[in-house]
Every structure is written in C-alpha cells, then in structure tokens.
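All remarks here apply to the structure that follows.
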Amino acid sequence: MLGFLKNPVVVTAEINVNLVALTVMGLISRLWGLSYPRAVVFDEVYYGQFVSLYMKRIFFVDDSGPPFGHVLLALGGYLGGFDGNFLWNRIGAEYSMNVPVWSLRLLPALAGALCVPLAYQILVELQFSHCAALGAALLILLENSLITQSRFMLLESILIFFTLLAVLSYLKFYNLQRHSSFSGRWWFWLLLTGVACSCAVGVKYMGLFTYMLLLAIAGLHFWHMIGDQNFSNVSLMCHFLARGLALIIIPVAMYLSFFYVHLTLLYRSGPHDQIMTSAFQASLEGGLARITQGQPLEVAYGSQITLRNMLGKPMQCWLHSHTNTYPIRYENGRGSSHQQQVTCYPFKDVNNWWIVKDPGMQQLVVSNPPRPVRHGHIVQLVHGITTRYLNTHDVAAPLSPHSQEVSCYIDYNISMPAQNLWRVEIVNRESDTDVWKTILSEVRFVHVNTSAVLKAITVHFQLSGASLPEWGYRQLEVVGEKLSKGYHQSMVWNVEEHRYGKSQEQKEREVELHSPTQMDISKNLSFMAKFTELQWKILTLKNEDTEHKYSSSALDWITMDTNIAYWLHPTSGAQIHLLGNVVTWASANIAALIYTCLSLWYLIRRRRKIYDIPEDAWQLWVSAGGICVGGWAVNYLPFFLMEKTLFLYHYLPALTFQILLIPIVLQHLGNHLCRSLLLKSMFSALIVAWFSSVYLVYCTFSPVTYGEPSLSAAELKDLRWKDSWNILIRKQ
C-alpha cells in the first residue's frame, strides 16, 4: 500500500533563463535607490493628495480617470503604514519621516520592471525568434523615459504593464486556439485578457484604446473562424459566448468593482463632495449627513425646506432671497419690477429657507397627519424670513433679458398682481403620483401663469466670471425660463434640508427646532445610483486647462523635442528629467516607417500576384503589425483630437508598442532582404554597433534618469542635445 514511497518524488520544471535574467535586470533597474530622492517628484504632488484621502477615508473625485490606479497607489501607502498626514502642496518638498516613500513607489516600480519580461514573451508568442524577443526586452530595459516614469508614484508604468499583459494573454489564448480550445489554459489566458483590459481601463481611460484594439483583433479572428467549415454552429456559438463573457461581461463587472471598492473605502465627507448631489452627500459620513440625519422624507404642505440647484457648476447654490429689492433701473437703462430680489446663493444661510404652502389655505404649518406634496400639485413658496411669496412675471431678468425676472412679491398697490403659483414636476419620478421626497426627488417648478421654469443662471459666471452686480451682492441670477426644452440641470432643484413647520408665529418659526422622525437617506441611494453619478462627474467635470511650463503637443513627442524636469536638488546640480533614449526613439520611428513602406510594397506586389516572401512570413508580418503598429496608432493618434493639457508621458504607452516593432523589422530585414552570407554578417555587425549606441546613450543620460550622481554645469550643458530641452543649470 505504501509502495509508492520506495521511489523518490521527482518534480521537473523548465526554466527560461532569459526570462529570469530579464526579470532580475528589470527589478534592479527600477528598484535601485527607489527612495531617492526623498522629496515630492513632479505629479507625486497630485497623486499623493488622493493617497492621503484614501488613508483618511475621505471622499474625492478625480476627473482624470477611474479610481483603480489610485487604489493601487493607496495600497502601497497602506502596506507601508502611511497615516495620510502630509501636505502635498509643492514639488520638491521633503517628505516627513511618516511618509513611506519606498512603499508608495513600489507598485509602479514593480509594474515597470515586469514590462521587460512581458515584452520578451510578447515577441515569442508572435512567433519571432528568441533573439528578437531578447532585443525587445533589452530596449524596454534601457529606455530612460520608462525607467524614470516607473520609479515614482505615477500611473503610466502600471497602465503599460496591464496593457502589455492584456496583449500577451490574448496572444497566448489565440495560439492555444488551434489545438487546445476550451482547455484550462485556454480559459485562463482568455479570462486574463479580459481582466487585464479592465485593469488597464481602470487605471486610466487611455487603456480603453488598447482594449478596443484587442476587441477588434478578436472580432477579426472570430470572423475568420466563421468561414472555417471545421467549426460546427454549436462550436461557433460556444466560442462567441466565451469571448463575450471574458472580453465584455467580466471587464464591465470588474470596472464596476473598482468603483465599489472606491466608494466603500471613501465613506467620509470631504471637500470634493460639494459637487455631488444632495443625495450623494447625505450618504457620506459627516458633512451634509450630519445636517440631514433625521429629516422627514416626504415634503408636505407646511414643510420648511432649502432648495439646492442640481447643476452644481461652477459652484453649488441654494434658492435665496433677502429684503433688498431690484433697482428701479439697471445700468443699461432697462427698468425692473423693484420687487424683492431672488438669487442663487453659494453658501448655507438662514435666508435659504422656504415654506411650502397650499394655495387654498392660509396655514404655514404641517397638519396632522401631514399632507404630502405630489407630482403635479400646485404650491406657493413662501420665503421663511420675509414671508413674501416666490413670484415671476413678464418683466425682463437683470442679466438675462430674454428670460423672466423672479422675485418675492411686494404689493405696491399698482397694476402688477401677484403671480405666485408653481406646479411641482418630479423629473425622476417613477409614476405620476410620486410624492416629493427630501434629497431624493429632482424637481422642476413650472410657473402656472406663464409656463416659465425656475432656473439658476450660471453661464455668465462660467464664461466671464460675472454675477449680479453689487446691488445683488455678486450672487447668481435666478430667472423664469420661458423656452424650456428638456430637463437641463440648471432648471432642476432638490430639497436638501427639511423640517416640518409647527408654528404660525413668525418669530417662533424663525427659531423653530428640528424634531422629525428618524430617516436614513443613505439607505435609499443604491450603489448603481452612486456609481452612475460619480461616473458622470468624472466624464463631465473638467478643470480649467492652463498652459503648463512643460506641456507639449503630440507632434513634439515623436522626435522628442520636449522634456519634463521632474525634480531638482535644492543645492547641487542633481536633477531628474523625463527624457527618452534618443537612439531608441529614432530607431522606433525608422522601424515604423520601414514597416509601412514595406507593407505597401508587399501589398502592391501581391496584388500583381508577385509574392516576395512566403505566405507564413506574410501572415507573421501582418499580425505583428496589427499589434505593434496598431498599438502605437490607437495610443497616439487620439491625442490630436483631445482638448486637454498634454505632456510627454502621455506618449509612453504608444512608444512601448513602437519599440516592440524594432526587433520585428530587424529580424524581417535579416531573414528576407539580406540574402547573402556577407550581407547577413554586415547586418549583424550593424545591429551590434547600433545596440551598443543604445546602451551608451542610456548610460549617458542615467544621471538625469536616476538623479545621481550630481553633474556639473558643464556636464549638464553637454546633455542638452536639443535646444528645445530644458536642462536646468544653476547660475554660478
């Protein structure tokens, strides 16, 4: 029974020494002296703020992309025991002792290091020689710009890692397709393709470019499968469903999970949540949640409410009034109604309170039981402090003469009767009998007499910074919009603070205490509702794009006519720049040009039934170009359409694909154009000389890649190979 113990248990394993050596070299090049400099380097000042907010569980919105990349950076801080206490306000600021610099920079560095073996494996899976694969990996290893970008708390190296992982996984899956369909390995690589794609998109939306490329390639491969009679209809359907599951459903589910983790971690109110809706703010601990906890859910006749405009841009504001009136005549000579001003005020104030009144009754308190207001009901809105009614009429608004003035009505005993009836329209209602709810309902107020819609005007502020003049205390304008097409958010309001009024006496009403039944708003806001709102904010919220000293155009990247100074030592000449390996960048451009020209030549010749290379070599050439040239194109060309501040590091994902093309072109030239032994020998010698120059340039620029050793002014001048490079030289 125990006879199997008589013989030793032997485990054999194949170890690719090239792969191991490349991984070790990648780790050394990216991890060596990782804590240096112990100071804030370039965009660490930006990403570090979010890491601190994660550590403190404070909600934030970053309009630059999804949260997965930030979560990974925060994971490094968590593993290092970072407490989030550091003021990220200046590039070059020295890190305090509580900041685990090595840990914060670890994950980007690991991602950058692993790109080296990934490059090797991609070329192997593309059916190129191990020599070509080794060349691709070494080019990635010795690329100064990729080293610099991966050694700091930045996201590009993580993005490139997941991008290359997605490409490698798909190639492995595709190569298994021929003989191991639906095997365990086949499923593993297919699922990993989808996971890697979702991670790439989750780090930065730039990852979407490579994801779409792989979807297109997968679609093309499946199209070829449809024409293969060896596949039955059932088999084709199974292949289609497997790809749909792995490449669409799982990435979408993972993308949602990134936001779920983000929202679960960040449950506390902070400075960024003011741009979110009241319902979202109320779901966060502290902030608005402290104010709204215990509010009545249903708005009733007699309710005392504050109304927040849903647009929230350029700032949040609440419907507001005060005792001051509109001037009899404006500066341009137009007249006004001289009624009490109504504005949108960007701060919480006692003058933001309004009372919902039943037009058929005089009481300003909530009855027992309360009578809820429903969609379509007619109400009057009474200003809580001045007790005047919200009113609009056919008088031009002060800044928007094509819209109606909104005021609180003062009876001057002239031929201008009150027009203060408003119809409540719940925009996000589920039925026409929905009750108007605190925070949750998005409401329009339609004027009964004129059909104008109550609207906050923010366009003046957004375009020119203008608001109401001094007589209006620089507050935002509120108008009655006559032509109301659709539901623009500036016309939509929601109840933020709410209490049931209990006193008819004005003085008692002003000091009335808040004592409603308990109601937890956060339970009424689902994850999907929070995700949808946050995703929309990320896509639509745009910070002002200001010209940056180191910003550049996409055309500058190809020839590396620009650089970025990441860090400068406060006393010595030590500095770090984002600069690429000049020989590699030039070679990548030449390789892309050669590939394009050769491909056109081959296509024209093949059209004439002249086949210069074997069919298998042609298929290899096309598939490699689809990945490398396609990867370069989709990651580069879209930047010509973007209206945003661009930097050299945006080019790095495209550059990575272009670098992979270099050994592909070299192997093709050596195999198919160098026919004689002499030409092959000369070509090999040229490659050795060329690669030696790549290594020499890497060594030359290493001091500004790693930040040490410190260089003299003369040495720094020698590194300024282009006049457009901004190498920092201290004045003696």
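The values are calculated or read from the model by the stated rules, or taken from the named source; none is laboratory data. Source: prediction; values computed, not measured. Here the Cβ is made from the backbone with ideal geometry for all residues, glycine too, and neighbour counts use every protein chain on show. SASA here: full protein model, heavy atoms, side chains in, ligands and nucleic acids out. Shrake-Rupley method; radii C 1.70, N 1.55, O 1.52, S 1.80 Å.
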Here are the criteria: (1) among the β-branched types (Val, Ile, Thr); (2) over 21 Å from Asn309 (Cβ atoms); (3) at pLDDT 90 or above; (4) crowded, with 16+ Cβ neighbours inside 10 Å. Tell me which single one Ile378 does not satisfy.
(4)
Across region 1-34, which residue is least open to solvent (accessible area, probe 1.4 Å) among those that are more than 34 Å from the chain's Cα centre (by Cα) and of a type in the set (Val, Ile, Thr)?
Val20
When you go through (1) in contact with an Asp or Glu (Cβ under 6 Å, 6 or more places away or on another chain); (2) modelled with pLDDT of 95 or more; (3) farther than 25 Å from Cys115 by Cβ one by one for Leu652, which number turns out not to apply?
(3)
Qualifying position, being at pLDDT 90 or above, farther than 26 Å from Leu142 by Cα, open to solvent by less than 30 Å² (accessible area, probe 1.4 Å) and of a type in the set (Gly, Ala, Ser), among Ser599, Ser587
Ser599
Flagged in region 35-60 as surrounded by 18 or more Cβ atoms within 10 Å (Cβ to Cβ) and among the hydrophobic types (A, V, I, L, M, F, W, C), in numbering order, are Ala39, Val40, Val41, Phe42, Phe50, Val51, Leu53, Met55, Ile58, Phe59
All positions within region 49-99 that are of a type in the set (D, E, K, R) and either within 18 Å of the chain's Cα centre (by Cα) or part of a loop (DSSP other than H, G, I, E, B) (or both):
Lys56, Arg57, Asp62, Asp63, Asp83, Arg90
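Yes/no per residue for (1) in contact with a Gly (Cβ under 9 Å, 6 or more places away or on another chain); (2) buried (at least 19 other Cβ atoms within 10 Å of the Cβ); (3) at pLDDT below 90:
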{"position": "Phe258", "(1), (2), (3)": "yes, yes, no"}
{"position": "Asp273", "(1), (2), (3)": "yes, yes, yes"}
{"position": "Phe280", "(1), (2), (3)": "no, yes, yes"}
{"position": "Leu284", "(1), (2), (3)": "yes, yes, yes"}
{"position": "Thr292", "(1), (2), (3)": "no, yes, yes"}
{"position": "Tyr330", "(1), (2), (3)": "no, no, yes"}
{"position": "Gly335", "(1), (2), (3)": "no, no, yes"}
May I ask you to verify whether Gly77 is open to solvent by less than 10 Å² (accessible area, probe 1.4 Å) and on the phi > 0 side of the Ramachandran plot?
no
Would you mind listing the strands (runs of 3 or more DSSP E) fully within region 353-426 where at least 3 residues are more than 41 Å from the chain's Cα centre (by Cα) and in the same structural domain as Arg444 (by the TED database)?
378-383, 390-396
Does Phe701 satisfy being more than 22 Å from Gly626 (Cα to Cα) and crowded, with 19+ Cβ neighbours inside 10 Å?
yes
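Are any of the residues in region 230-241 under 27 Å from Leu541 (Cα atoms) and surrounded by fewer than 15 Cβ atoms within 10 Å (Cβ to Cβ)?
The first filter runs over region 230-241 and keeps only residues under 27 Å from Leu541 (Cα atoms), leaving none.
Within region 230-241, none of the residues are under 27 Å from Leu541 (Cα atoms) and surrounded by fewer than 15 Cβ atoms within 10 Å (Cβ to Cβ).
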Could you list all residues from region 65-107 that are in contact with a Ser or Thr (Cβ under 8 Å, 6 or more places away or on another chain) and within 23 Å of Lys644 (Cβ to Cβ)?
Trp88
Can you tell which of Phe173, Phe259 is part of a helix (DSSP H, G or I) and under 27 Å from Tyr649 (Cα atoms)?
Phe259
Evaluation of Gly294 against (1) outside any strand (DSSP E or B); (2) within 24 Å of Val406 (Cα to Cα) (one fails), failing number:
(2)
